[in-house]
Amino acid sequence: PQPIYLSDYRPPAYRVTRTELTFDLDPNATRVKARLHVERHPEREAGVPLELDGEQLALKAIAIDGQPLAPDEYQVGEAGLVVHRVPEAFLLDTEVEIAPDGNTALSGLYRSSGMFCTQCEAEGFRRITFYPDRPDVMATFSTTVIGRTAQEPVLLSNGNPVERGELPGGRHFVTWEDPHPKPSYLFALVAGDLRKVEDTFTTVGGRDVTLQIWVEEENLDKTNHAMASLKRAMRWDEEAYGREYDLDLFMIVAVNDFNMGAMENKGLNIFNSAAVLTHPHTATDAAFQRVEGIVAHEYFHNWSGNRVTCRDWFQLSLKEGFTVFRDQCFSAETNSAPVKRIEDVSFFRTAQFAEDAGPTAHPVRPDHYIEIGNFYTLTIYEKGAEIVRMLSNLVGKEAFRRGSDLYFARFDGQAVTIEDFVGCMAEASGQDLTQFMLWYSQAGTPEIDAHGEYDYANAEYRLILRQRTPATPGQPDKQALHIPVRLGLVGTKSGRDLPLTLDGETLGTDAVIHLREEEQEFLFTDVSEAPVPSLLRGFSAPVKLHFPYAREDLAFLQANDSDGFNRWDAGQRLALLALDDLIAAHRNGVEKVMDQRVVEAFRALLAAETDDKAVLAQMLTLPSEAYIAEQQPLVDVDAIHAARTFVKQSLALALRDDFLRVYEAHRIDAPYAPEPEQIAARSLKNVALSYLMAIEDEAGLEFAREQFEADHNMTDVRHALTLLVHSSRGDIAAPALKAFGETWAHDPLVMDQWFAIQVTRPQSDVLDRVTFLMEHPAFSLKNPNKVRALIGTFANQNPVNFHRADGAGYRLLADTVIELNRLNPEIAARLVTPLTRWARFDETRQALMKGELERIRAEELSPNVYEVVEKALA
Ligand code: B3K
Ligand code: ZN
């Protein structure tokens with residue numbers, strides 16, 4: 001496979017202004033007729049052959065302006081169709097046959113639990129019909145779907161239904177018309193035996209919109225939260241961005257087999273059932289919040305993605321980064337804002353930093369790729385969102401809104417670039433964002449080394465910031481970025497933010513300074529007392545910040561910083577320093593000694609009853625093993641696990657009574673509601689329980705057992721069951737696990753959780769368990785949720801066992817990747833990720849991991865897996 005390059009972009013030779021499709025559905029032989037209204041692109045020369053993308057299509061008929069083509073007038077190849085000579089403007093008719101049942105890649109038209117559904121982003125439409133399958137070709141669509149009345153009573157596509165009727169042979173049809181020009185990746189079709197839940201929404205402009213969520217009958221009771229979230233999102237987009245919905249109908253469909261979370265097809269969003277269905281007894285608080293976020297995300301795409309789309313796939317972050325930023329802001333407003341930020345940042349610093357430091361590191365706007373399916377990454381999505389957040393902070397809220405209004409107004413109905421977006425922000429704010437654009441082209445996580453000195457005599461604080469971005473594949477040298485650093489100086493005497501005066505200008509007590517040079521000095525004057533700097537508040541830029549904090553300084557910031565995020569971060573840094581010592585002690589075979597400053601910091605947190613409970617739960621949570629690993633020069637999974645366990649147990653022993661008290665004080669009897677106050681109480685209670693269970697305290701065990709048996713809601717049940725299964729008390733865990741598995745055998749989403757709970761068990765018998773569960777009747781390699789829950793969770797969330805020194809964890813993953821490479825390349829390429837991080841481990845493990853990658857490479861590979869494995873072994 002050959003890479004394609006951004007620099008080779010040209011407008012398409014021909015555009016399609018209207019697309020008329022007829023699907024005659026059949027599980028093994030679906031007929032697709034397409035009539036395309038084609039014309040030469042005004043910017044392209046005349047006389048160019050017509051090239052259409054198409055994969056795995058059996059061409060049955062082809063005609064131009066009603067004239068069937070002779071065999072020598074066109075050519076069909078592996079990747080598409082070429083018609084040698086075409087007029088300036090014409091109608092192209094084709095008919096193809098496709099086989100949805102054999103489609104295990106879940107791209108194009110496929111079947112899931114008996115229903116027909118589609119996934120076209122990025123390049124799935126070419127598996128449905130011959131088409132210029134690129135986002136800069138935008139057409140209005142009319143789609144007629146014909147199905148069996150009994151098996152497929154519901155026939156859906158984009159836009160509004162305009163006609164329906166019966167056909168001979170027990171068949172029927174519905175015709176859908178989508179008036180908004182769209183690229184092929186936003187096409188969707190669903191057909192099956194579905195039930196709907198309906199609601200309405202009146203837009204600010206007075207349009208009555210019918211809202212429908214389509215599910216299998218047994219899931220009708222799991223749609224309330226998604227519907228409520230959708231309505232909140234629709235209102236929010238009107239208020240926060242002035243964006244109104246533009247059709248009379250908005251549909252969501254839940255499908256069980258789906259490669260990603262969801263898809264923003266125009267008027268017909270298709271969701272992984274895991275990203276839409278919730279019920280207090282089947283979904284955790286985290287799942288409720290995830291559903292809210294994804295429903296909002298896909299809805300927001302209607303403007304940031306659909307009305308204004310991407311010119312080419314290199315611009316993917318144009319829609320994804322912006323839309324993630326939008327959904328993050330939405331969720332922050334409906335939940336606890338500081339906790340939302342803490343969760344997003346801790347995930348980002350763990351997973352995106354790792355991606356940016358690994359062999360598949362790429363800029364937020366890549367300049368080449370082999371398989372675009374591999375670029376739906378944390379970098380494109382989350383780092384892209386961090387860049388938009390920085391923009392919003394740089395230009396300020398008002399200018400950002402003006403810029404986004406300008407962007408939507410100017411580019412409505414067009415396929416555009418990241419320059420177009422940033423250009424609007426520059427225009428609206430009058431700022432020069434030239435240097436800022438480097439964020440989009442440079443890969444790798446920038447690091448800032450900061451130093452500060454307080455000069456008593458002159459009441460000055462001198463802050464020196466030095467930036468560097470490490471080399472990444474294909475990018476050995478980096479330029480200095482424009483990095484906004486939000487900061488405060490916290491007085492050590494007063495515990496207050498001190499007024500900031502920089503270059504004679506007073507900036508208040510919380511300010512953003514702009515680091516643009518490789519090294520820059522900032523001299524704050526009139527600093528009346530010795531401060532501890534609170535840097536990068538709210539994670540104001542996606543960078544690693546190093547400052548030589550003394551542990552006392554961190555404890556001080558944890559107690560006094562006015563920025564909630566940095567208070568949390570100071571606690572994390574303090575714990576990390578203690579963990580560092582313990583990791584070293586473990587490696588050197590020295591007795592481990594707990595840092596009492598951490599114990600005292602925790603004691604203070606537990607005593608301060610008034611604190612925001614949601615934030616408190618976060619502050620009591622130690623950095624994950626994955627995040628600790630991210631901080632180490634070389635990852636020693638065993639030492640990390642031992643050190644973290646030791647800290648947890650030491651805290652539990654020292655503060656047992658506090659944890660007991662917190663647990664008991666936050667039990668909830670009221671009916672379950674996924675609202676912030678309850679979620680906060682549950683998370684605090686469950687954090688306390690996990691400390692008690694770390695020492696297998698008798699009272700803790702009793703609480704866990706009770707909590708499991710009380711069966712009040714899935715958050716509590718799952719947490720209790722996890723703690724039991726991860727403990728040494730098989731006598732209590734085994735029957736609970738069995739009961740849970742039997743109760744929920746009928747519910748695939750709960751069974752996913754049942755798998756995940758078992759494969760994260762730290763004990764060394766877990767690998768056998770994984771192998772055993774792969775044979776379980778509820779498991780299937782063809783279902784991405786199952787693969788993620790069982791294999792993905794094991795490889796990503798059970799480091800000690802995945803990285804077993806004998807390589808058995810690696811072998812299991814590689815075997816699975818090899819099988820999935822044939823079935824579902826997109827999922828296979830994602831699953832292989834942990835093996836690509838071999839450079840972070842000791843030599844023995846490196847050799848084992850590379851050995852597995854080489855074994856994979858020896859297979860006949862999909863472009864997806866090929867691209868990732870080649871990079872990993874380069
Ligand atoms: N835009 C989709 C991504 C689907 C890509 C699958 N290869 C989901 C989202 O970001 O909203
Ligand atoms: Zn998206």
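Filtering the stretch 89-96 for residues that are touching a residue at least 40 places away in the same chain (Cβ under 8 Å), buried (at least 18 other Cβ atoms within 10 Å of the Cβ), farther than 26 Å from Thr118 by Cα and out of contact with any Cys (no Cβ under 6 Å at 6 or more places or on another chain) leaves a non-empty set. For the stretch 311-350, a tally of residues being more than 13 Å from ligand 1 (Cβ to nearest atom) and touching a strand residue (DSSP E or B) at 6+ places or on another chain (Cβ under 7 Å) returns 1. For the stretch 1-30, filtering for residues that are hydroxyl-bearing (Ser, Thr, Tyr), out of contact with any Leu (no Cβ under 8 Å at 6 or more places or on another chain) and crowded, with 17+ Cβ neighbours inside 10 Å leaves 1.
On inspection, Asp136 passes the criterion of being out of contact with any Leu (no Cβ under 9 Å at 6 or more places or on another chain) and surrounded by 15 or more Cβ atoms within 10 Å (Cβ to Cβ).
Would you confirm, using the coordinates I've provided, whether Gly159 is small (Gly, Ala, Ser), surrounded by fewer than 21 Cβ atoms within 10 Å (Cβ to Cβ) and in contact with a Gly (Cβ under 6 Å, 6 or more places away or on another chain)? Answer is no for this residue.
Going by the structure shown, is Val416 assigned by TED's automatic domain parsing to the domain that holds Thr377, in contact with a Cys (Cβ under 8 Å, 6 or more places away or on another chain) and either crowded, with 17+ Cβ neighbours inside 10 Å or under 30 Å from Glu870 (Cβ atoms) (or both)? Yes, satisfied. Among the criteria (1) at negative phi; (2) assigned to a loop (DSSP other than H, G, I, E, B), the one His514 does not fulfil is (2).
For the stretch 1-8, check the following and say yes or no: at least one residue is among the aromatic types (Phe, Trp, Tyr), over 30 Å from Leu861 (Cα atoms) and assigned to a strand (DSSP E or B). Within the stretch 1-8 (the criterion being among the aromatic types (Phe, Trp, Tyr), over 30 Å from Leu861 (Cα atoms) and assigned to a strand (DSSP E or B)), the answer is no, since none of the residues qualifies.
Highlighted here are the helices (runs of 4 or more DSSP H) found entirely within the stretch 774-874 that include at least 3 residues which are within 22 Å of Met751 (Cα to Cα): 784-787, 793-797, 808-823, 825-831. Taking Ala354 as the residue in question, decide whether it is closer than 17 Å to Pro446 by Cβ, away from ligand 1 (no atom under 15 Å from the Cβ) and either modelled with pLDDT under 95 or aliphatic (A, V, I, L, M) (or both). It is true that Ala354 is closer than 17 Å to Pro446 by Cβ, away from ligand 1 (no atom under 15 Å from the Cβ) and either modelled with pLDDT under 95 or aliphatic (A, V, I, L, M) (or both). Candidates are the residues of the stretch 338-353 that are of a type in the set (D, E, K, R) and either assigned by TED's automatic domain parsing to the domain that holds Leu6 or more than 16 Å from ligand 2 (Cβ to nearest atom) (or both); the one that is farthest from Lys544 (Cα to Cα) is Lys340. Here Gly66 fulfils each of the conditions (1) surrounded by 18 or more Cβ atoms within 10 Å (Cβ to Cβ); (2) away from ligand 1 (no atom under 16 Å from the Cβ) apart from (1).
Condition check ((1) farther than 24 Å from Glu826 by Cα; (2) without any contact (Cβ under 8 Å) to a residue 40 or more places away in the chain; (3) charged (D, E, K, R); (4) out of contact with any Asp or Glu (no Cβ under 7 Å at 6 or more places or on another chain)) across all residues:
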| site | (1), (2), (3), (4) |
| --- | --- |
| Ser727 | yes, yes, no, no |
| Ile732 | yes, yes, no, yes |
| Pro735 | yes, yes, no, yes |
| Phe755 | no, yes, no, yes |
| Val766 | yes, yes, no, yes |
| Val770 | no, no, no, yes |
| Phe779 | no, yes, no, yes |
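Matching residues to (1) within 29 Å of Ser534 (Cβ to Cβ); (2) polar (S, T, N, Q); (3) out of contact with any helix residue (DSSP H, G or I) (no Cβ under 9 Å at 6 or more places or on another chain):
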{"position": "Glu386", "(1), (2), (3)": "yes, no, no"}
{"position": "Arg401", "(1), (2), (3)": "yes, no, no"}
{"position": "Val416", "(1), (2), (3)": "no, no, no"}
{"position": "Ala426", "(1), (2), (3)": "no, no, no"}
{"position": "Gln431", "(1), (2), (3)": "yes, yes, no"}
{"position": "Phe436", "(1), (2), (3)": "yes, no, no"}
{"position": "Trp439", "(1), (2), (3)": "yes, no, no"}
{"position": "Glu453", "(1), (2), (3)": "yes, no, yes"}
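Could you list, in sequence order, all residues of the stretch 247-272 that are more than 15 Å from ligand 2 (Cβ to nearest atom) and part of a loop (DSSP other than H, G, I, E, B)? Within the stretch 247-272, Leu247, Asp248, Asn256, Asp257, Gly267 qualify. Scanning the stretch 293-333 for residues that are charged (D, E, K, R) and more than 15 Å from ligand 2 (Cβ to nearest atom), we see that the one that is nearest to Ala745 (Cα to Cα) is Glu333. When Asp658, Asp636, Asp612, Asp716 are screened for being under 30 Å from Ser562 (Cα atoms), charged (D, E, K, R) and within 28 Å of the chain's Cα centre (by Cα), only Asp612 passes. Within the stretch 109-159, the residues that satisfy the criterion of being more than 18 Å from Arg18 (Cβ to Cβ) and part of a loop (DSSP other than H, G, I, E, B) are Ser113, Gly114, Glu121, Ala122, Glu123, Gly124, Thr149, Ala150, Gln151, Glu152, Pro153. You will find that of Asp356, Asp367, the residue that is of a type in the set (Asp, Glu), closer than 21 Å to Pro11 by Cβ and either over 17 Å from the mean Cα position of the chain (by Cα) or more than 12 Å from ligand 2 (Cβ to nearest atom) (or both) is Asp367 and no other. For the stretch 292-310, taking the residues that are away from ligand 1 (no atom under 12 Å from the Cβ) and surrounded by 24 or more Cβ atoms within 10 Å (Cβ to Cβ), the one that is farthest from Asn272 (Cα to Cα) is identified as Trp303. Looking at Ala233, Ala240, Ala254, Ala226, just one residue is of a type in the set (A, V, I, L, M) and more than 16 Å from ligand 1 (Cβ to nearest atom), and that residue is Ala240. The set of residues in the stretch 239-254 being of a type in the set (A, V, I, L, M) and surrounded by fewer than 19 Cβ atoms within 10 Å (Cβ to Cβ) consists of Ala240, Leu249.
All of Asp221, Asp237 fail the test of being in a helix (DSSP H, G or I), in contact (Cβ under 8 Å) with a residue 12 or more places away in the chain and within 15 Å of ligand 2 (Cβ to nearest atom), apart from Asp237. Among the candidates Glu630, Glu600, the residue that is among the charged types (D, E, K, R), assigned to a helix (DSSP H, G or I), within 18 Å of Gln572 (Cα to Cα) and in contact with a Phe, Trp or Tyr (Cβ under 7 Å, 6 or more places away or on another chain) is uniquely Glu630. For the condition under 21 Å from Asn302 (Cα atoms), within 16 Å of ligand 1 (Cβ to nearest atom) and either touching a residue at least 40 places away in the same chain (Cβ under 8 Å) or not basic (Lys, Arg) (or both), Ile370 does not qualify. Just to be sure, is Leu820 more than 18 Å from Val725 (Cα to Cα), crowded, with 23+ Cβ neighbours inside 10 Å and over 21 Å from the mean Cα position of the chain (by Cα)? Yes. Of everything in the stretch 603-627 that is outside any helix (DSSP H, G or I) and of a type in the set (D, E, K, R), the residue that is modelled with the highest pLDDT is Asp612.
The values are calculated or read from the model by the stated rules, or taken from the named source; none is laboratory data. Not measured: the values here are computed from a predicted model. No Cβ is skipped: glycine too gets one built from the backbone with ideal geometry, and neighbour counts run over all protein chains shown.
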